[in-house]
Every structure is written in C-alpha cells, then in structure tokens.
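Only one structure is covered here, and it is reproduced in the block below.
The values are calculated or read from the model by the stated rules, or taken from the named source; none is laboratory data. Just so you know, these numbers come straight off a predicted model, no measurement behind them. Cβ coordinates were reconstructed from backbone atoms using ideal geometry, including for glycine residues, and neighbour counts include every protein chain displayed. Just so you know, the surface numbers come from the protein's heavy atoms only, side chains and all, with ligands and any DNA or RNA stripped out. Shrake-Rupley method; radii C 1.70, N 1.55, O 1.52, S 1.80 Å.
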Amino acid sequence: MNTKKLLTLLACLPLMSQAQTWTLQQCLDYAAEHNITVQKNKLSELDATEQLKQSKAALFPSLSFSMSQSLGYRPFQQATVMVQNGMATSTNNKLTENGSYGINANWTIWDGGVNRKNIEAKKVQTEQAEVQTDLSLKTIQEQIAQLYVQILYTTEAKKVNEQICATAKQQLERGQERLKVGDLAKADVAQLEAQYASAQYDVVNTQTQIDGFKRQLKALLQLGIEEPFDVAATELEDSRALSPIPDKQAVYAQALNSRPEIRAAELQATASDVQLNIAKRGYLPTISMNAGIGDSHYSASDDALGEQMKRNLNGSIGLGLSVPIYDQRRTKTAISRARLAQTTAALDLQDKRTSLGSNIENLWLNATSAQQRFISADAAVKSQETTYELTNEQFKEGLKNIVDLLQARDNLLQAQNNKLQSKYTTILNTQLLKFYEGGEMGM
C-alpha cells in the first residue's frame, strides 16, 4: 500500500470508530478506496493488463514436454512385434513395457500480422479499463456531492422550521392566555394549535429527509448498518450563491478533452478500427515452424535401456504454410461486422459529445436561473420577515386576527424555503460545472 492510500485510510479510521462527522472531502477520499464499483473496475484494469501480457507472449514460440508410459499384455499371442524408429523388435514376453519422451516447439512466424494487431487491441482495452475506473469514480463523486449538498440544504431548512415551530409555540401559549381572559375565541386557539402541530410535523419531516439522504450517502461509502455516520453539516455562506458561473462554452470545450466518458467513446472508436484491420488480415497466409526432440525405449529389445535411449534419440524440424482459399465466409462476415461496429462506435462518440453538451448546458441554465431566483428570494425573505414580525406584534396587541398571522407565517416560510433551495441549487450546479471543466469536487 502506498503512502497516499495509507494516510487516507488512517484519516478515515477515527471517523468509523468515534463517529466523528465526515467532511465532503473525506467522503470522496473514502469512496475512492472502498466503493465496490470502483474496486471492481480496478480489478478489470488488472485483468486487461494480464491479457496484454498474454498477447505479447504470443509472439514467441511455445515449448512443451511430453512423456508416456504404457504396459501391453497379450496372454494368447505367441510373439509381439513393436516398431520403433523404423525398427521392428519381436518378443515372446506376454507383458511388455514401452516409454516415449519428447520436447516440442511451435512458432507462428507470420499470421498476417494478427498477433501484433492483437497487442494493439489489448493496449486499447487496457486504457479503456483505466478510463472506466475514472468514469465510475467521477460518477460516484457527483452522486456524493449531490447528496452532501442535499443534506446541507435540508439541515438548514430544518433550522428554519425549528425557528417557525418555536414561534408557533409562543403564539399558542399567548393565545391560550388570551383565551383565559376572554380576549380570543376557542376557534382561533384551535387554529394556533393546528399551526404548532404543522410546524412540529415540518421539523420531523425534514429530519426524516436528512436521515434518508445520509443513508444513501452511507451506502455509496460502503459503510455497514452497524457503523455510526454523520456529516459535517456546515452552513454555506449566502455569498457562495453569488459567485461567477463558469461559461458553458468554455466548460464544454475543456470537458471534451478531459471527461472520461468522451475518452471512453474515442477509445471504443479506435478499438473498432483495430478490429476491422484484424478482420481484413484473415485473407493473408500463415507461416509456422515446428521442431521437436524425441526418445523412447521398449522392454522387448535386447539392448539395455541406456543403449536404446541413445539409438532412439531423434530430432525434427518443419516449416508450414497455410493459405486461406475458402473459409465458409468467416473472414468476409468478420469484416462486415467490424465495419458495423466501427459505425456504431462513431455514432456513440457523437451521442456522447451531444449528451455532454446538453448536460453542461442544463447545469449552466440551472445555476443561472437559480442565482437569479436567489437574488429575488433574498429580498423577499427580508420583506416577509419584517411583515411577519409586525403581524406577530399586532396579533399580540389584538390588532390582527389569526388568519392574518397564519398567512404571514406561510409567506415567510415559503420565502425562506425558496431562498434556501435557490441558494444550494446555484452552489451545486456551479460546482458541477467547475468539476466538468476539470476542477476538483468540493464545497
């Protein structure tokens, strides 16, 4: 394990054992080391590397050793004749033993260049595996960032609901006091009780949403059900929502050169070109060479074992030529299918580029419109806060009725939620644009 991985693991161990809060960066680092999808893709990289080594080894001759031992028994035969190396040996023994040994080598000298093209194809396959690992990691990083921001947003929304709930409780207590002195009707108090119950429900509901998002984030990190988990839910400054939004054209131009899904599609197009080249080489002849050394012995021989092994030692070498004449349309079909795959890869690359552009434009539109909504929502919150405070004071003095108070409360809650939603939508989409541009994921 290298130093970087060790430091990452040591940094994460206290989080698991002491249930400390996880920052976004800690989540990203931990997922890179422990997410099962990423680990599987890393194993695919190793498998592709092994296949590349095998393709390179195919350029060299193969060497094998063979040995056989046999016993023969002919109970009703008067004599047994054995032919070895052009010599016939006769014996009256009913039980005979024979042994043979050989070392053989085979080498494909020329196969139309298929072996070397296979090496090229495996190199592309190895790079594809590496890109797939990068793609899966970036996809998980996006998912983690989205869930993390969702937790931050919902946590802040819960605080707003808790403030509304506290105010609703005070209003209920105030209403109950006024009811005792006959200054407020029971119907109005009932409405205050309903308002308080609704505010309590909103607090519980947002907490349930937070727990759900944390569970999803925990699953991405491959943490077990028994492991404690919480996030560092730090509020992001409102000024983050007013940061400049990257230009969509500049992001797209950079993403075309850096995004793994584009690189994967380009590699697939390259792989289809190589496969077409390999298929065409099916029409070319194959030249091969073989060589071998053999030896044997036979129990029926009058010679000693050592003498037999000396006399029977033999060697051979041969050269073969195979010219394809008619292969039942195999090569032609392979070429046709390779061309279809080539066209498919080109279309897939075009589709990936279009999808990338559409995704970036969607992020830019979301960030831009959310930023404008945030500016409007911020002004609306300030206005509704003032209105609600005045309405609440007037309600205490009996100058406003319960309907006015509830309406002011609903208007404030809606304005606060609009501000929070537009704030975090702007921050998330702006960060994703920077991520697509080649930057690091962070908040």
(request) Keeping every protein chain in place, order Phe229, Phe374 by accessible area at 1.4 Å, biggest value first, i.e. largest first. (result) Phe229, Phe374
(request) Measure nothing but the geometry: give the 0 to 90° angle between the long axis through the Cα atoms of 402-436 and the longest principal axis through the Cα atoms of the chain, rounded to 10°. (result) 30 degrees
(request) Using only Cα atoms, locate the centre of segment 389-409 and the centre of segment 113-188, then give the distance between them in Å, rounded to an integer. (result) 34 Å
(request) Relative to the longest principal axis of the C-alpha atoms of the chain, give the angle of the C-alpha long axis of helix 114-180, reported between 0 and 90° and rounded to the nearest 10°. (result) 20 degrees
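Nearest 20 debye, what's the magnitude of the dipole of the chain about its Cα centre given +1 on Lys and Arg Cβ and -1 on Asp and Glu Cβ? Present the calculation step by step, with values, prior to reporting the outcome.
Details: 46 positive and 48 negative charges, 334 e Å.
The calculation lands at about 1600 debye.
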(request) Using R₀ = 60 Å, calculate the FRET efficiency as 1/(1 + (r/R₀)^6) where r is the Cβ-Cβ separation of Asp327 and Gln254; round to 0.05. (result) 0.80
(request) Determine the shape class of segment 232-281: with a ≥ b ≥ c the square roots of the Cα gyration tensor eigenvalues, call it rounded for a/c under 1.5, and otherwise prolate if a/b is greater than b/c, oblate otherwise. (result) oblate
(request) Quickly estimate the mean residue ellipticity at 222 nm for the chain, helices only: each DSSP H run with n ≥ 4 gives -39500 (n - 2.57), and the total goes over all residues, rounded to 500. (result) -24000 deg cm²/dmol
(message) Suppose the chain between Lys280 and Ala346 were pulled fully straight at 0.36 nm per residue; how much longer would it get relative to their current alpha carbon spacing?
(response) 21.8 nm
(request) Kindly state, to the nearest 0.05, the FRET efficiency for Asp404 paired with Val181, given R0 = 25 Å and r defined as their beta-carbon distance. (result) 0.75
(request) Round to a whole angstrom and tell me the spacing of the C-alpha centers of segment 37-51 and segment 267-340. (result) 31 Å
(message) From the protein chains alone at 1.4 Å, what is the descending order of accessible area for Phe60, Phe395, largest first?
(response) Phe60, Phe395
(message) Students sometimes get this wrong: rank Lys180, Lys214 by accessible area, probe 1.4 Å, all chains present, largest first.
(response) Lys180, Lys214
(message) Quick check: residue separation of Ser376 and Ser336 times 0.36 nm, minus the Cα distance between them. What number comes out in nm?
(response) 8.4 nm
(message) Under the rule a/c < 1.5 gives rounded, and otherwise a/b versus b/c splits prolate from oblate, where does the chain land using the Cα gyration tensor?
(response) prolate
(request) With a Förster radius of 30 Å, plug the Cβ-Cβ distance of Glu193 and Asp238 into 1/(1 + (r/R0)^6) and report the FRET value to the nearest 0.05. (result) 0.30
(message) Quick check: residue separation of Ser70 and Gln25 times 0.36 nm, minus the Cα distance between them. What number comes out in nm?
(response) 9.3 nm
(message) Beyond a 24 Å Cα-Cα separation, which of these cross-linked pairs lie in this structure: Lys186/Lys400; Lys180/Lys382; Lys158/Lys214; Lys117/Lys138?
(response) Lys180/Lys382; Lys117/Lys138
